[in-house]
Amino acid sequence: MTQSALPPGPRMPRALQTAIWFRRAQWMMAECRKRYGETFTLTIAHEGTWVMLSDPEDIKAVFTGDPRLLYAGEANGILLPILGEHSLLLLDGAEHMAQRKLMLPPFHGARMQSYRALMTDIARAEIERWPSGTPFRVRPRMQAVTLEIILRAVFGLDEGQRLAELRVELRRVLDRLTNPRWVAFLIALGPERIPQFPPFAREMARVDRLIYAVIAARRAEGNAGQREDILSMLLGAEHEDGSGMSDRQLRDELLTLLVAGHETTATALAWAVERLARHPDKLERLAAETRAGEDRYLKAVVYETLRLRPVISLVNRTLKAPMRLGGYDLQVGVKVVPSIYLMHRRPDIYPDPERFLPERFLSNPPGTYTWIPFGGGVRRCLGGAFAQFEMEVVLAEIAARTPIGPARARPERVYRRAITETPRHDAEVILSG
Ligand code: HEM
């Protein structure tokens, strides 16, 4: 039977739902599923009506649905003043498809090997600085690693004044975006008023000056075709009509890649270390297999980390036409929300779902619609292959430095840092030996 009303959900006022959501989103999702079933409705301030989904068939229907009727960019509007109107994250419909087509080739899985040496060197140099015998937090270390990797692999920068300046300026902007108070302030100001806020305008002007200088220098070099970095490939990319990307588009996409790819990968790596440090048998197996030049277990560790501790808990699409999901006829304007968190905890797909068990992926490869840390369909994370490869390279280097142990007795809780779900104490560990 089809119902046209919204699925059930908590009846408490929107302000209260919002308050609980911002403090304990994953707990709230789990409780609602227990109480209301696979499909339920939440009402969150600034977000509107969310219909949360965790049934694989519903999620497949959303990911394979017509992107002209399921918008994803709209919901990211708050990032407009930073990323700019051409950002892939903000576009929808035909514009999104055209821009995505242009940006896909440099992120193709087969290209990733060319970044191996670069990623290994950066990881090794960082790990060599880690102290022995004193506790330290892994997440900031991983932020340094992923920022450096993006600056080199995406921007194609080598050591020098320009890299040093960009590192400092970008770090400042990125830190703001992971500061929950700053993000709450941006939301309160709204995307129209943010650019008029003087400290914000000054910071963005400094970042823009540096990025435009990199673009101009690369255009002037004129040898983009021979370089491996992503900016050079984007400079050479052409639409079907032969036109390329403007400087403004390039600037917006470079910032998008940085914002989308840096914090997320750093957090995923921090979780992998946090989990491995508490499972010495798995860390040992990883170290032994990596030393033997095998990568099967390494890949399984990456899959399992992203399953059990997804860095982003959900993705959403705004309906531009009515859609029937989970037995409900949903109306235009409703946001349908595949829950990454709930999908990854389905006991029918992942028995004993709370356990960290990389072995579960040795015999079963991850399913397209049941392992969804990178979302899905035409909006699936552009940098998914890049992130997975980066995690593999960095974890292989870390595993070589065993034994790593946890610095705290209890497993770290999940802590929401603006957008990403991070380890509460930044994955505090201790190296012995
Ligand atoms: C572990 C690391 C990462 C995670 C968990 C992650 C997760 C995600 C998710 C959930 C989405 C939204 C997908 C959807 O709506 O269906 C997304 C989109 C995106 N990600 Fe990632 N991401 C990661 C790393 C990266 C990296 C390294 C880059 C680039 C260097 C990147 C670039 C992007 C871009 C450009 C989009 C927008 C795609 C579009 O709208 O067409 N991400 N990511």
Exercise. So what's the back-of-envelope 222 nm ellipticity for the chain, counting only DSSP H runs of four-plus at -39500 (n - 2.57) apiece and dividing by all residues, rounded to 500?
Worked result: -16000 deg cm²/dmol
Problem set entry | Farthest toward positive dipole pole in the chain [+1 Lys/Arg, -1 Asp/Glu at C-beta], among 99, 344, 26 | 26
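So, with +1 on the Cβ of K and R and -1 on the Cβ of D and E, and no other charges, what is the size of the charge dipole of the range 45-204 about its Cα centre, to the nearest 20 debye? Mind showing how you got there, number by number?
Working: 20 positive and 20 negative charges, 125 e Å.
Once rounded to the nearest 20, the dipole reads 600 debye.
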Exercise. Per residue, how many Å² of accessible area does the range 211-368 show with a 1.4 Å probe?
Worked result: 39
Exercise. What is the spread of the Cα atoms of the chain along each of their three principal axes, largest first, in whole Å?
Worked result: 62, 54, 40
For this session: Determine the percent antiparallel among the DSSP beta bridges restricted to the chain, to the nearest 5.
Result: 80
Problem set entry | Centroid-to-centroid separation of the range 207-237 and the range 132-153 [C-alpha atoms, Å] | 26
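Tell me which GluC sites (Glu not before Pro) from the range 145-211 have a DSSP coil assignment and no more than 13 other beta carbons within 10 Å of their own. Before the final figure, lay out each step's value.
Details: sites: 148, 159, 165, 169, 192, 203; in loops: 159, 192.
Sites meeting the loop and neighbour criteria: 159, 192.
So which GluC sites (Glu not before Pro) in the range 257-330 are both in a DSSP loop and have at most 12 other Cβ atoms within 10 Å of their Cβ? Intermediate results must be reported in sequence, preceding the final value.
Working: sites: 263, 274, 284, 289, 294, 304; in loops: 294.
When the GluC sites (Glu not before Pro) of the range 257-330 are filtered for loop state and at most 12 Cβ neighbours within 10 Å, 294 remain.
Work out the length of the dipole vector of the range 215-293 about its Cα centre, built from +1 on the beta-carbon of each Lys and Arg and -1 on the beta-carbon of each Asp and Glu, and round it to the nearest 20 debye. Spell out each step's value before the answer.
Numbers: 10 positive and 14 negative charges, 83 e Å.
My answer is approximately 400 debye.
With all protein chains present, how much of the accessible area of the chain (probe radius 1.4 Å) comes from carbon and sulfur, to the nearest whole percent?
On the way: 10220 of 19150 Å².
It is 53 percent, rounded to a whole number.
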Exercise. Using θ = phi - 60° and the Karplus curve 6.51 cos²θ - 1.76 cosθ + 1.60, what whole-Hz ³J(HN,Hα) does each residue of the range 69-81 get, with Gly and Pro shown as x?
Worked result: 10, 10, 7, 10, x, 3, 5, 9, x, 4, 7, 3, x
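Just in the range 286-367: which trypsin sites (Lys or Arg not before Pro) are loop by DSSP and have at most 16 other Cβ atoms within 10 Å?
On the way: sites: 291, 296, 299, 307, 317, 320, 324, 335, 345, 355, 360; in loops: 320, 345, 355.
Sites meeting the loop and neighbour criteria: 355.
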Seminar exercise, completed: Result row for the chain, helices from DSSP H with C-alpha axial extent 20 Å or more and mean Kyte hydropathy at least 1.0, is 384-399
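Residue separation times 0.36 nm, minus the C-alpha to C-alpha distance between residue 216 and residue 201: what's the value?
Details: separation 15, 0.36 × 15 = 5.40 nm, distance 2.19 nm.
Roughly 3.2 nm would be gained on extension.
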Seminar exercise, completed: Rounded to the nearest 10 Å², the accessible area of residue 312 using a 1.4 Å probe with every protein chain kept is 60
For this session: Any lysines with Cα under 20 Å of the residue 335 Cα? List them, leaving off those in the same chain fewer than 8 positions away.
Result: 60, 320
Exercise. Rounded to the nearest 0.05, what FRET efficiency is calculated for residue 432 and residue 74 with R0 set to 41 Å and r the Cβ-Cβ distance?
Worked result: 0.25
Exercise. What residue among 123, 191, 163 has its Cα farthest toward the positive end of the dipole of the range 114-228, where the charges are +1 on Lys, Arg and -1 on Asp, Glu, each on the Cβ?
Worked result: 191
Exercise. Which of these, 279, 262, 344, has the largest mean-square fluctuation under a Gaussian network model of the chain (Cα springs below 10 Å)?
Worked result: 279
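For the range 362-433, what relative contact order do you get, as a whole percent, if you take Cα pairs closer than 8 Å and at least 6 residues apart? Please list the in-between numbers first.
Values: 43 pairs, mean separation 17.1, N = 72.
Computed value for the range 362-433: 24 percent relative contact order.
The values are calculated or read from the model by the stated rules, or taken from the named source; none is laboratory data. Computed from a predicted model, the values in this text were never measured in an experiment. A quick note on method: Cβ atoms are made from the backbone with ideal geometry, for glycine too, and the neighbour counts reach across all protein chains shown. These accessible areas exclude ligands, DNA and RNA; they are computed on the full protein's heavy atoms, side chains included. Shrake-Rupley method; radii C 1.70, N 1.55, O 1.52, S 1.80 Å.
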